[in-house]
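Student: Can you read through this structure? Questions will come right after.
The values are calculated or read from the model by the stated rules, or taken from the named source; none is laboratory data. Note that the structure is predicted; figures quoted are calculated from it, not measured. No Cβ is skipped: glycine too gets one built from the backbone with ideal geometry, and neighbour counts run over all protein chains shown. What goes into the accessible areas is simple: the full protein's heavy atoms, side chains included, and nothing from ligands, DNA or RNA. Shrake-Rupley method; radii C 1.70, N 1.55, O 1.52, S 1.80 Å.
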Amino acid sequence: MSKRNTQQRRHTIVTLLTEQGQVSVDALSQRFETSEVTIRKDLAELEKNGLLLRRYGGAVPVPQEMVSEHAVQVSKQKQSIADAAAARIRDHNRIVVDSGTTTAALIPLLNKKRGLVVMTNSLQVANAIRELEHEPTLLMTGGTWDTHSESFQGQVAEQTLRAYDFDQLFVGADGIDVARGTTTFNEMTGLTRVMAEVAREVVVMIESEKIGRRIPNLELAWSSIDTLITDSLLDDDLKHAIEQTGTDVICADQ
């Protein structure tokens, strides 16, 4: 079986686990018409990536308390950026939230909104949305699991996105090249660009310490970005240089 089919099978296993609350090796073996040895290898790899816990004969979701214990503390900068981003979202908006710790900080703030539709390629974001009291309509891109970005990527995800239109995209970045735009260590940049194509407003959420980092892979050029939200520590000269590209810059108070 090809690597692509293996990734698709593992993505489906995670989806089934989310829907059913548990999965068994026997049932998965029959569903995918493959050996139990192969399924156990799938579960072992998914457990390694923190997507499930293996139990005798199958697997269960990672308990919420374990997720909380390993969660990264949201910095004051990230929280201020998330607050400013949430203030731009209106009730009944249709939004895309990309993977990343800064964009994930936005999710708890969505509980104050009504009638949202949220598309994401991130299991972390999806699970956080499911914990909200006023849960938005949740859409997943599907696609191929990318361990580097811990998100779904690829042509399937891109095709899914192109079937919709959105009011806003909220996306992070590994760095900002002031001359070019957002940059990333990840070589898979196609999905983010499609996200930007299908959204009327593209909002980049990034801490000021990452602005000025020149990472080889350009993700979004300034021509694709409407608004950049960062923290109040941004250097005035950098702020002015970014504004010269036509991008609105918001420096959120901490």
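Student: For region 111-142, name all the residues that are open to solvent by less than 10 Å² (accessible area, probe 1.4 Å), among the aliphatic types (A, V, I, L, M) and in a loop (DSSP other than H, G, I, E, B).
Tutor: Once the filter is applied, which keeps residues that are open to solvent by less than 10 Å² (accessible area, probe 1.4 Å), among the aliphatic types (A, V, I, L, M) and in a loop (DSSP other than H, G, I, E, B), region 111-142 yields only Leu116.
Student: Could I ask something else about it? Could you tell me how many of the residues in region 94-113 are modelled with pLDDT of 95 or more and among the basic types (Lys, Arg)?
Tutor: Going through region 94-113 one residue at a time, the tally reaches 1.
For every residue, the table says whether it meets (1) in contact with a Leu (Cβ under 8 Å, 6 or more places away or on another chain); (2) under 28 Å from Leu116 (Cβ atoms); (3) among the aromatic types (Phe, Trp, Tyr).
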{"site": "Asp167", "(1), (2), (3)": "no, yes, no"}
{"site": "Gly172", "(1), (2), (3)": "no, yes, no"}
{"site": "Gly190", "(1), (2), (3)": "no, yes, no"}
{"site": "Ala199", "(1), (2), (3)": "yes, yes, no"}
{"site": "Trp222", "(1), (2), (3)": "no, yes, yes"}
{"site": "Gln244", "(1), (2), (3)": "no, no, no"}
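Student: Out of the residues in region 1-45 that are in a loop (DSSP other than H, G, I, E, B) and closer than 16 Å to Pro61 by Cα, which is most open to solvent (accessible area, probe 1.4 Å)? Please lay out each step first, then the result.
Tutor: Keep residues of region 1-45 that are in a loop (DSSP other than H, G, I, E, B), which gives 1-2, 21-22, 33-35.
Keeping just the survivors that are closer than 16 Å to Pro61 by Cα gives 21-22.
On the way: Gly21: 36, Gln22: 118 Å².
Restricting to residues being in a loop (DSSP other than H, G, I, E, B) and closer than 16 Å to Pro61 by Cα, the top hit is Gln22.
Each row is one residue, and each column tells you yes or no for (1) at pLDDT below 90; (2) under 24 Å from Ile229 (Cβ atoms).
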| residue | (1), (2) |
| --- | --- |
| Ala126 | no, yes |
| Glu135 | yes, no |
| Gly143 | no, no |
| Val156 | no, no |
| Phe166 | no, yes |
| Val202 | no, yes |
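Student: Right, here's the next one. Taking region 143-183 as the region of interest, how many residues are more than 24 Å from His11 (Cα to Cα) and either touching a His at 6+ places or on another chain (Cβ under 8 Å) or of a type in the set (Val, Ile, Thr) (or both)? Don't jump to the end; show me each part of the working.
Tutor: Of all residues in region 143-183, those more than 24 Å from His11 (Cα to Cα) come to 165-168, 173-183.
If we keep only those that are either touching a His at 6+ places or on another chain (Cβ under 8 Å) or of a type in the set (Val, Ile, Thr) (or both) too, we end up with 176, 178, 182-183.
Count: 4.
Student: Could you list, in sequence order, the residues of region 76-98 that are part of a loop (DSSP other than H, G, I, E, B) and surrounded by fewer than 24 Cβ atoms within 10 Å (Cβ to Cβ)? It would help to see each step written out before you state the result.
Tutor: Step one: of region 76-98, the residues part of a loop (DSSP other than H, G, I, E, B) are 87-93, 98.
Ala87, Arg88, Ile89, Arg90, Asp91, His92, Asn93 - these are the residues of region 76-98 that are part of a loop (DSSP other than H, G, I, E, B) and surrounded by fewer than 24 Cβ atoms within 10 Å (Cβ to Cβ).
Student: Same structure, new question: Val72 fails exactly one of the following numbered conditions: (1) modelled with pLDDT under 90; (2) outside any loop (DSSP other than H, G, I, E, B). What is the number of that condition?
Tutor: Exception for Val72: condition (2).
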